[in-house]
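Peer 1: Before I ask anything, here is the structure I am working with.
The values are calculated or read from the model by the stated rules, or taken from the named source; none is laboratory data. Only a predicted model underlies this, so the values are computations on that prediction, with no experimental measurement involved. Reconstructed Cβ throughout: ideal geometry from the backbone, glycine too, with neighbour counts over all protein chains shown.
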Amino acid sequence: MAFFMGIDIGSVSVKGVITRDGEQAAWHLVPSGGNYRTAVDELKKGLLEKAGLGEKDISVAVFTGHVSGNLAGESRTAADLRCCARGINRLFPQARMVIDIQGQSSQVIRLGESGRVVDFAVSEKCASGSGRFLEIIANVLQVRLEDIGPLSLKSENPVAFTTGCAVFGESEAISRVAEGIPKDDILAGVHRALAEKVAALAGRVGTGGVTAISGGGGLDTGLVREIEKKLGAELLVPEMPRLVNALGAAVMAAE
């Protein structure tokens, strides 16, 4: 019996998965905070405790994500694109495209057989193309992140955001609040703007085929619905979308 570990170091949280004989044995998640090394240490401790294992029980560990090369030590590293592809392939073998919406960026990956990366497109270096934009607007509206999806679905008149910049988008949201525009309409407008960026990325790698979503954006039901409208297709949503890359890293560790 062999155990393998995958750790995904994200800008918002650090995620870990342990697999045993190809099946997920344990998972854990902690906030990244201000110190990635401390977060990784806390993550590993919690993950091993959940699995009832010690570090010596792990045959191979693979790190991915932010600064993974600096924190992996003697463990192996892998690009998050490849880990995302392999994780989705493990969950949804029929998927041929995955939309990965992370805290600092979004990416769309075209998949081949066995989770092979065929093509990909990554958002520009601006928060308006990532989950960070949702955090910014949620803070402006004083709404919890977990509530913005259901709230946005109540909208009847989504606001049109005229800027593609997160900074100006924040100012625009503040102006809409001052005008008395309902929060649900503002959130629906943000989802629509982000969905348009995702659809543009998808167009660069070729739309069509079964599509899945991963990353924190997969927890936002309003955003998922809006992307589905833009693509004209239903998305496959993992039970725990934030763990996809960590699962993919564990899959690669086993290989």
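Peer 1: Within region 240-255, track down each residue that is within 14 Å of Ser214 (Cβ to Cβ) and part of a helix (DSSP H, G or I).
Peer 2: Pro241, Arg242, Leu243, Val244, Asn245, Ala246, Leu247, Gly248, Ala249, Val251 - these are the residues of region 240-255 that are within 14 Å of Ser214 (Cβ to Cβ) and part of a helix (DSSP H, G or I).
Peer 1: Being crowded, with 20+ Cβ neighbours inside 10 Å, among the small types (Gly, Ala, Ser) and more than 25 Å from Glu124 (Cβ to Cβ) is the filter here; which residues of region 59-94 pass it?
Peer 2: Ala61
Peer 1: Another question, if that's okay. Can you tell me which of Glu124, Glu49 is over 30 Å from Asp185 (Cβ atoms) and more than 15 Å from the chain's Cα centre (by Cα)?
Peer 2: The conditions single out Glu49.
Every residue, every condition in (1) free of Cβ contacts under 8 Å to residues at least 24 places away in the same chain; (2) outside the structural domain of Arg116 (by TED's automatic domain parsing); (3) over 21 Å from the mean Cα position of the chain (by Cα); (4) assigned to a loop (DSSP other than H, G, I, E, B), yes or no:
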{"position": "Ile7", "(1), (2), (3), (4)": "no, yes, no, no"}
{"position": "Ile18", "(1), (2), (3), (4)": "no, yes, no, no"}
{"position": "His28", "(1), (2), (3), (4)": "yes, yes, no, no"}
{"position": "Gly34", "(1), (2), (3), (4)": "yes, yes, no, yes"}
{"position": "Val40", "(1), (2), (3), (4)": "no, yes, no, no"}
{"position": "Gly87", "(1), (2), (3), (4)": "no, yes, no, no"}
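Peer 1: Condition test on Val251, is it within 14 Å of the chain's Cα centre (by Cα), within 30 Å of Ser75 (Cβ to Cβ) and at pLDDT 95 or above?
Peer 2: no
Peer 1: Only one of (1) crowded, with 19+ Cβ neighbours inside 10 Å; (2) hydrophobic (A, V, I, L, M, F, W, C); (3) in the same structural domain as Gly248 (by TED's automatic domain parsing) fails for Phe120. Which number is that?
Peer 2: (3)
Peer 1: Follow-up. Identify, please: which residue in region 217-235 is outside any helix (DSSP H, G or I) and surrounded by fewer than 18 Cβ atoms within 10 Å (Cβ to Cβ) and is, among those, nearest to the chain's Cα centre (by Cα)?
Peer 2: So, considering only residues that are outside any helix (DSSP H, G or I) and surrounded by fewer than 18 Cβ atoms within 10 Å (Cβ to Cβ), the one nearest to the chain's Cα centre (by Cα) is Glu234.
Peer 1: Would you pick out the residues in region 9-58 that are surrounded by fewer than 18 Cβ atoms within 10 Å (Cβ to Cβ), at pLDDT 95 or above and under 16 Å from Leu243 (Cβ atoms)?
Peer 2: Residues satisfying the conditions are Gly46, Lys50.
Peer 1: On to the next question. So, in region 144-170, of the ones that are exposed (fewer than 13 other Cβ atoms within 10 Å of the Cβ) and assigned to a helix (DSSP H, G or I), which residue ends up modelled with the highest pLDDT?
Peer 2: Glu146
Peer 1: Let me ask something else. Restricting to region 96-107, name every residue that is crowded, with 21+ Cβ neighbours inside 10 Å and more than 11 Å from the chain's Cα centre (by Cα).
Peer 2: Met97 - this is the single residue of region 96-107 that is crowded, with 21+ Cβ neighbours inside 10 Å and more than 11 Å from the chain's Cα centre (by Cα).
Peer 1: While we're here: Take the residues of region 50-85 that are of a type in the set (A, V, I, L, M) and assigned to a loop (DSSP other than H, G, I, E, B): which is nearest to Leu236 (Cα to Cα)?
Peer 2: Ala79
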